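Contents: one structure, followed by commentary.
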Amino acid sequence: MNAKSLLQLLIFLVILGLWYKIAWPLQDKVSIAVGALGGILLHWALTNKGNRNIINIRPFSAGWRVLLYDMLLLSFLFALLKQSNFALLEAFKNNVQNVVLTLSLVGAIGLDYGVEGGGMRKVSIIIALLVVLAAVSVQIGEVSALEVVDLSEAVLYNGAEYVNGGLSLPPNNAYAVINFTIPATYFEIHYSFGDPNGYGRMSFGFKFIDESGAGIGISFHGDNDGRSPWRYHLYLINIDGSKSLLESKDWNTTNKEVMLTVEFSGNHVIVKDILNNVTYSNYTLPTVVTGKIKSLTIGQHLLAGDWAWAVTSLYIYSIKVRYNTAPITINIKDALTNQPLDNVVVKEGDQVLGTINSGDSIELPKGTHTLTFEKSGYWSVTKTIDVQSDMTVEVEMYPSSAAVMIEAPSNITTFENTLTEVKLQIEPIAQEATKNAYLSVSGITPLEVRKGASIISSENGKYYLGDISSLTEITIKFKAGTPGTKTFSVTITSQDALGTKTYEATKQIVYTVKQLPFQVQLPSTWSVGENEVRINEASGQQVLITLSLLDPNGTEIWSDSYTFGPYEGHAFTVNIPAEGDYTLKVSWNGYTAVWSIKVNPAVSILTDTVNVGKGDIGTIKVKIRNPTSRTQYYTVVLEGGFIEGNVTKQIAVAPLSEKTIDIAFSVPKDVQFDAYDLTLRVLQGNATTYQGLVHVIIEDTGFSLPLGGEGPLGLPLWMWGVLGVVALLLIVREVRR
């Protein structure tokens, strides 16, 4: 073995000794497992010196040492993260030994592999890893940042003094009490102590009392009447001030400077000396201890022995605490305009917590708080919150010109053509200002407005609510339009008891209209009889869809259902019994879309009044429309009045087309009256689909020729008569020649 290798091996042994002294007390099974597995993976992934096959690494070689360095480094960093509650920078800042060991391990890796090549690559990556861990620890530890206690505010007893920024507690029963307005859950106490007193005794301690009056005590003293053996003692402090021993361990008095940390986590208390890497307790406390500490007492021979049990000196350099608080972000907006508000005063009881702008944060102790928000020109708002961790609070403030609060759902989503209900919660801000309240709506046409379960009628576009003395639910029903983001506004006006002052609150409500999850194809023209409505599922889901037809009175007169598979189409045949206005409802998954439909007559009498002479032929023109996709067959029947039996004509009308036909009838010469009503019926099969009246006016000409009605080429018979007379005269003229 050459000198260089011998030097590297010696350095390895020194670093191993350092690791054992500094890192080993922090280790547990998890840290060791993480170090072993992580070190192997790190070494395999980053080493490029021919040692990727870890099994073949020779003992005591450079690769072997670096593999161990990897394991030691990762196990130490992981244990350090756990021990510092992920505040890694705090762990380095508070303990030089941690920094020395980390730099030694990183430097040894670089030394064994050289500063160039693979060694530089590995060292760079390890340094980058440390930077990432530090950054993560900053983010995680940000909430857990420690605050320095002002020791000059401590209450001092029996000769205790505030000296050079710290507390000096001489052996004559001196002690100091520090009270906390906000409960604290973590303490970091940096102190040093002297030798046993002239009697060979030594004792000092710390007492942590929580908001319930109970707590714990920590005492360092000798168990032999104050003399060696030296022991650490953990006590339960009961509400009545009595104590009981929970735990006792050996205490090494050679480390005169100590960084004592006491952490209350859940129902555990964890006591450590992070300067000397000693863990004293990780103890499960009785439920009487809440761990939210309001008072800390530090003193000579505290909790043990008599006045002679003391150390020659006890000096407190600093105390840092983590308060039992959480940052609360407060968003404040105008409840009517949704605009953020600034310069809002926040109070808890009579205590002013501060003046904030929307989006600012404040620190609050964990627990329940009732906060009041005040701003000039606005009603004050009181809100009770339960603070357990970081949280965001939304506050809406109403202008003093409004007398009620209007709460609307924050996320209203509906479908096109769908009947939609929006429920509003109306609550009085000042009951003396909510008399004779009216509701008005703009941006939509309400189909129905309800106060509780009662329907309210419109009074010239306004809805009378009466006096609003308590929380009131208002429901507005309307038909959604086309897809998109839409808004409408509700305004509530009210008066004071004397009617001399009017208050007004206007709330804008945003809702989203989505496309239907299926396609609906309606007839271009609705008619009496069968009408086809086709629906195609478009969302890729199975869905049950029900169609129903309501008459003008809202009574259901037809319905049908069909379960659609994904992207399936289906045609419904809607039977309409007569002309008029109807409502078609399409219902699915709790939603209902509606269409208003108007059924115009499929049969129209174009000549509903006919003037015809006695003995003449009259003609009625009738137009028949076929709105369906199939050829329809009709029978037209004219009857009544002077017609013996009936006049019948059968026709066929092609799909989606119309046809005009003539129905001719003869008028007897001896009709009795000068006016008659004839009945025209249109049948499909045996069912009458249309029935109407034709008025016939009988003209008395004295000399009657059958000139009524229609002749060839569509010309009236009287015209053919005139042409016949003219033709006869021309023939006679030619014969006489």
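Residue pairs, Cβ under 6 Å, 6 or more apart or interchain, first in the range 712-726 and at pLDDT 65 or above, second not acidic (Asp, Glu). List them.
Trp718/Leu707; Trp720/Gly711; Gly721/Leu707
Does Asn575 qualify as being in a strand (DSSP E or B), in the same structural domain as Ile698 (by TED's automatic domain parsing) and polar (S, T, N, Q)?
Details: in a strand (DSSP E or B): yes; in the same structural domain as Ile698 (by TED's automatic domain parsing): no; polar (S, T, N, Q): yes.
So Asn575 fails the test.
Only residues that are buried (at least 21 other Cβ atoms within 10 Å of the Cβ) and over 30 Å from Thr287 (Cβ atoms): list them for the range 218-240, please.
Those that are buried (at least 21 other Cβ atoms within 10 Å of the Cβ) and over 30 Å from Thr287 (Cβ atoms): Gly222, Gly226.
I'd like the residue in the range 578-611 that is closer than 30 Å to Val667 by Cβ, part of a strand (DSSP E or B) and not hydroxyl-bearing (Ser, Thr, Tyr) and, out of all such residues, is modelled with the lowest pLDDT.
Step one: list which residues in the range 578-611 are closer than 30 Å to Val667 by Cβ, which gives 601-611.
From what's left, part of a strand (DSSP E or B): 603-605, 609-611.
Right, trim to not hydroxyl-bearing (Ser, Thr, Tyr) and you get 603, 605, 610-611.
Working: Val603: 86, Ile605: 91, Val610: 94, Asn611: 93.
Among them, the one singled out is Val603.
State which residue is farthest from Thr525 (Cα to Cα) when the search covers only the range 624-642 and only residues that are surrounded by 13 or more Cβ atoms within 10 Å (Cβ to Cβ) and in contact with a Pro (Cβ under 7 Å, 6 or more places away or on another chain).
Once the filter is applied, the top-ranked residue is Phe642.
Looking for something touching a strand residue (DSSP E or B) at 6+ places or on another chain (Cβ under 9 Å), at pLDDT below 80, buried (at least 20 other Cβ atoms within 10 Å of the Cβ) and in the same structural domain as Trp19 (by TED's automatic domain parsing) - is there at least one such residue anywhere in the range 97-113?
Within the range 97-113, the subset touching a strand residue (DSSP E or B) at 6+ places or on another chain (Cβ under 9 Å) is none.
Looking through the range 97-113, none of the residues is touching a strand residue (DSSP E or B) at 6+ places or on another chain (Cβ under 9 Å), at pLDDT below 80, buried (at least 20 other Cβ atoms within 10 Å of the Cβ) and in the same structural domain as Trp19 (by TED's automatic domain parsing).
Which one of these is buried (at least 18 other Cβ atoms within 10 Å of the Cβ), more than 30 Å from Ala480 (Cα to Cα) and among the small types (Gly, Ala, Ser): Gly645, Gly618?
Numbers: Gly645 fails: buried (at least 18 other Cβ atoms within 10 Å of the Cβ).
Gly618 is the lone residue from the list that is buried (at least 18 other Cβ atoms within 10 Å of the Cβ), more than 30 Å from Ala480 (Cα to Cα) and among the small types (Gly, Ala, Ser).
Listed here are the residues, each with its yes/no results for (1) more than 17 Å from the chain's Cα centre (by Cα); (2) more than 29 Å from Thr493 (Cβ to Cβ); (3) of a type in the set (Ser, Thr, Tyr).
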site: Gln388; (1), (2), (3): yes, yes, no
site: Met397; (1), (2), (3): yes, no, no
site: Ala402; (1), (2), (3): yes, no, no
site: Ser410; (1), (2), (3): no, no, yes
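Out of the range 343-398, which residues are loosely packed, with under 14 Cβ neighbours inside 10 Å, more than 24 Å from Asn324 (Cα to Cα) and of a type in the set (A, V, I, L, M, F, W, C)?
none
Go through the range 175-204 residue by residue and tally those that are among the small types (Gly, Ala, Ser) and farther than 11 Å from Val311 by Cα. It would help to see each step written out before you state the result.
Keep residues of the range 175-204 that are among the small types (Gly, Ala, Ser), which gives 176, 184, 192, 194, 198, 200, 203.
Keeping just the survivors that are farther than 11 Å from Val311 by Cα gives 176, 184.
Qualifying residue count for the region: 2.
Just checking, does the range 469-491 include any residue being of a type in the set (D, E, K, R), buried (at least 17 other Cβ atoms within 10 Å of the Cβ) and farther than 21 Å from Glu396 by Cβ?
Residues of the range 469-491 of a type in the set (D, E, K, R): 473, 477, 479, 486.
Applying the additional criterion that residues be buried (at least 17 other Cβ atoms within 10 Å of the Cβ) yields 479, 486.
Now restrict to residues that are farther than 21 Å from Glu396 by Cβ: 479, 486.
The answer is yes; a qualifying residue exists.
Thr279: assigned by TED's automatic domain parsing to the domain that holds Tyr157 and either more than 30 Å from Asn98 (Cβ to Cβ) or not in a strand (DSSP E or B) (or both), yes or no? Show your work before the answer.
Working: assigned by TED's automatic domain parsing to the domain that holds Tyr157: yes; either more than 30 Å from Asn98 (Cβ to Cβ) or not in a strand (DSSP E or B) (or both): no.
Criteria not met by Thr279.
Only one residue in Glu416, Glu396 is touching a Gly at 6+ places or on another chain (Cβ under 9 Å) and acidic (Asp, Glu), so which one is that? Let's see the steps before the verdict.
On the way: Glu396 fails: touching a Gly at 6+ places or on another chain (Cβ under 9 Å).
Unique residue meeting the criteria: Glu416.
Is it true that Ile605 is hydrophobic (A, V, I, L, M, F, W, C), touching a Gly at 6+ places or on another chain (Cβ under 6 Å) and within 26 Å of Val574 (Cα to Cα)? Break it down into steps so the answer makes sense when it comes.
Working: hydrophobic (A, V, I, L, M, F, W, C): yes; touching a Gly at 6+ places or on another chain (Cβ under 6 Å): yes; within 26 Å of Val574 (Cα to Cα): yes.
Yes: the conditions hold for Ile605.
Going by the structure shown, is Ala87 modelled with pLDDT under 75, under 30 Å from Ala326 (Cα atoms) and of a type in the set (Gly, Ala, Ser)?
Working: modelled with pLDDT under 75: yes; under 30 Å from Ala326 (Cα atoms): yes; of a type in the set (Gly, Ala, Ser): yes.
Answer is yes for this residue.
Within the range 501-508, identify whether any single residue is loosely packed, with under 13 Cβ neighbours inside 10 Å, in contact with a helix residue (DSSP H, G or I) (Cβ under 6 Å, 6 or more places away or on another chain), modelled with pLDDT under 95 and on the phi < 0 side of the Ramachandran plot, and answer yes or no.
Checked against the condition, which is being loosely packed, with under 13 Cβ neighbours inside 10 Å, in contact with a helix residue (DSSP H, G or I) (Cβ under 6 Å, 6 or more places away or on another chain), modelled with pLDDT under 95 and on the phi < 0 side of the Ramachandran plot, the range 501-508 yields no hits at all.
Could you list all residues from the range 466-496 that are more than 13 Å from Gln425 (Cα to Cα) and either assigned by TED's automatic domain parsing to the domain that holds Thr337 or among the aliphatic types (A, V, I, L, M) (or both)?
Ala480, the sole residue that qualifies.
From Glu396, Glu432, grab the single residue that is assigned to a strand (DSSP E or B) and acidic (Asp, Glu). Break it down into steps so the answer makes sense when it comes.
Details: Glu432 fails: assigned to a strand (DSSP E or B).
Just a single option satisfies the conditions, and that option is Glu396.
How many of the residues in the range 470-496 are free of Cβ contacts under 8 Å to residues at least 60 places away in the same chain, over 17 Å from Ile455 (Cα atoms) and not charged (D, E, K, R)?
Pass one, the range 470-496, residues free of Cβ contacts under 8 Å to residues at least 60 places away in the same chain: 470-478, 484-489, 491, 493.
Restricting the remaining residues to those that are over 17 Å from Ile455 (Cα atoms) gives 470-471, 484-489, 491, 493.
Within this subset, residues satisfying the condition of being not charged (D, E, K, R) are 470-471, 484-485, 487-489, 491, 493.
Final tally of qualifying residues: 9.
Could you list, ordered by first residue, the pairs with Cβ atoms under 7 Å in which the first is in the range 240-252 and assigned by TED's automatic domain parsing to the domain that holds Tyr283 and the second is of a type in the set (D, E, K, R), at least 6 apart or interchain?
Ser248/Arg231; Lys249/Arg231; Asp250/Arg231; Trp251/Arg231
Residue check, Ala326 against (1) outside any loop (DSSP other than H, G, I, E, B); (2) surrounded by 15 or more Cβ atoms within 10 Å (Cβ to Cβ); (3) modelled with pLDDT of 90 or more, all met but one. Which one?
Status for Ala326: all satisfied but (3).
Just to check your reading of the model, which residue among Lys292, Lys243, Lys249, Lys272 is basic (Lys, Arg) and crowded, with 21+ Cβ neighbours inside 10 Å?
Testing whether each residue is basic (Lys, Arg) and crowded, with 21+ Cβ neighbours inside 10 Å leaves just Lys272.
In the range 536-549, is there at least one residue being more than 35 Å from the chain's Cα centre (by Cα), among the hydrophobic types (A, V, I, L, M, F, W, C), surrounded by 19 or more Cβ atoms within 10 Å (Cβ to Cβ) and not assigned by TED's automatic domain parsing to the domain that holds Lys462?
Within the range 536-549 (the criterion being more than 35 Å from the chain's Cα centre (by Cα), among the hydrophobic types (A, V, I, L, M, F, W, C), surrounded by 19 or more Cβ atoms within 10 Å (Cβ to Cβ) and not assigned by TED's automatic domain parsing to the domain that holds Lys462), the answer is yes, since at least one residue qualifies.
Here is a check on your reading of the model: is Val513 in contact with a Ser or Thr (Cβ under 9 Å, 6 or more places away or on another chain), more than 30 Å from Lys435 (Cβ to Cβ) and hydrophobic (A, V, I, L, M, F, W, C)? Full working, then the answer.
Numbers: in contact with a Ser or Thr (Cβ under 9 Å, 6 or more places away or on another chain): yes; more than 30 Å from Lys435 (Cβ to Cβ): yes; hydrophobic (A, V, I, L, M, F, W, C): yes.
Yes: the conditions hold for Val513.
So for the range 198-217 (the condition being surrounded by fewer than 22 Cβ atoms within 10 Å (Cβ to Cβ), at pLDDT 95 or above and among the hydroxyl-bearing types (Ser, Thr, Tyr)), does at least one residue qualify?
No, the range 198-217 contains no residue that is surrounded by fewer than 22 Cβ atoms within 10 Å (Cβ to Cβ), at pLDDT 95 or above and among the hydroxyl-bearing types (Ser, Thr, Tyr).
Please state which one of Thr500, Thr482 is over 30 Å from Ala538 (Cα atoms) and not in a strand (DSSP E or B). Write out each step before concluding.
Working: Thr482 fails: over 30 Å from Ala538 (Cα atoms).
None of the others qualify; the one that does is Thr500.
What tally of residues in the range 413-429 results from selecting those that are surrounded by fewer than 17 Cβ atoms within 10 Å (Cβ to Cβ) and part of a strand (DSSP E or B)?
Residues meeting the conditions: 5.
Which residue out of Ser527, Ser442, Ser458 is in contact (Cβ under 8 Å) with a residue 24 or more places away in the chain, touching a strand residue (DSSP E or B) at 6+ places or on another chain (Cβ under 8 Å), polar (S, T, N, Q) and over 24 Å from Asn338 (Cβ atoms)?
Numbers: Ser442 fails: over 24 Å from Asn338 (Cβ atoms); Ser458 fails: in contact (Cβ under 8 Å) with a residue 24 or more places away in the chain.
The conditions single out Ser527.
Filter the range 338-348 for residues that are touching a residue at least 24 places away in the same chain (Cβ under 8 Å) and either in the same structural domain as Tyr186 (by TED's automatic domain parsing) or part of a loop (DSSP other than H, G, I, E, B) (or both) and give the result.
Start the filter on the range 338-348 by keeping residues that are touching a residue at least 24 places away in the same chain (Cβ under 8 Å), which leaves 338, 341, 343-348.
Scanning the range 338-348 gives Asn338, Leu341, Asn343.
The values are calculated or read from the model by the stated rules, or taken from the named source; none is laboratory data. Just so we're clear, the structure is a prediction, and the values are computed from it rather than from any experiment. Positions of Cβ are generated from backbone atoms using ideal geometry, with glycine treated the same way; all protein chains shown enter the neighbour counts.
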